[in-house]
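Read through the structure below, which is laid out as structure tokens, and then see the notes.
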Amino acid sequence: MKLFCNIDASALAAVGFVLLVVMMIVSPEPHHGIGPDLPRAFHPVSMAGARREDAMVISVLRDGTVYFGADKVSARQVRANILDRLKDRSVERRVYIRADARVWYRTVKDVLDGVRSAGIERVAFLADQRRPSTSGSSGSSSP
């Protein structure tokens with residue numbers, strides 16, 4: 001009796017190829033996978049306008065990389081991009097900034113200066129909701 005150990009890898013390759021194609025089709029915009037870790041607030045206000053397709057959203061990552069929508073830009077290019085978008089009169093004259101909680105303030109300030117120099121006065125900083133800590137205490141503390 002002779003045993004043959006032969007593994008047919010064509011099925012594995014076919015499944016891997018299908019998974020690769022599916023992931024390429026449904027993959028989100030490039031910078032969203034490594035998006036900013038937003039600061040957390042106990043009572044954030046919902047900003048439904050930030051979800052609009054034509055919303056002007058500026059993301060500032062921890063390393064100082066700036067995105068205007070899905071496009072990587074420098075802080076100096078923010079003004080020009082906003083002015084270009086404002087040519088369309090239907091665009092809301094508000095900018096939403098998604099700044100990482102650990103980014104240098106100077107980077108956010110440079111972006112904000114670009115927004116202000118474009119004539120935008122309505123700026124919203126996006127934050128995540130902070131969950132109240134559940135430490136298991138009953139509210140009273142004994143010394």
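The values are calculated or read from the model by the stated rules, or taken from the named source; none is laboratory data. Note that the coordinates shown come from a computational prediction; the quantities given were computed from them, not determined experimentally. No Cβ is skipped: glycine too gets one built from the backbone with ideal geometry, and neighbour counts run over all protein chains shown.
Criterion first (in contact with a Phe, Trp or Tyr (Cβ under 9 Å, 6 or more places away or on another chain) and of a type in the set (Lys, Arg)) does Arg85 satisfy it? So Arg85 fits the description; yes. For the range 71-117, the candidate set comprises residues that are closer than 16 Å to Asp54 by Cβ and touching a helix residue (DSSP H, G or I) at 6+ places or on another chain (Cβ under 7 Å); within that set, the residue that is surrounded by the most Cβ atoms within 10 Å (Cβ to Cβ) is Val95. Looking at the range 41-85, which of the residues that are among the polar types (S, T, N, Q) and part of a loop (DSSP other than H, G, I, E, B) is farthest from Lys109 (Cα to Cα)? Among those that are among the polar types (S, T, N, Q) and part of a loop (DSSP other than H, G, I, E, B), it is Ser46.
A quick yes/no check of all residues on (1) over 14 Å from the mean Cα position of the chain (by Cα); (2) acidic (Asp, Glu); (3) at pLDDT below 85:
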{"site": "Leu38", "(1), (2), (3)": "no, no, yes"}
{"site": "Met47", "(1), (2), (3)": "yes, no, yes"}
{"site": "Ser59", "(1), (2), (3)": "no, no, no"}
{"site": "Tyr67", "(1), (2), (3)": "no, no, no"}
{"site": "Asp71", "(1), (2), (3)": "no, yes, no"}
{"site": "Ala75", "(1), (2), (3)": "yes, no, no"}
{"site": "Tyr96", "(1), (2), (3)": "no, no, no"}
{"site": "Lys109", "(1), (2), (3)": "yes, no, no"}
{"site": "Glu121", "(1), (2), (3)": "yes, yes, no"}
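Within the range 57-112, restricting attention to residues that are free of Cβ contacts under 8 Å to residues at least 24 places away in the same chain and among the aromatic types (Phe, Trp, Tyr), the residue that is nearest to Met47 (Cα to Cα) is Phe68.
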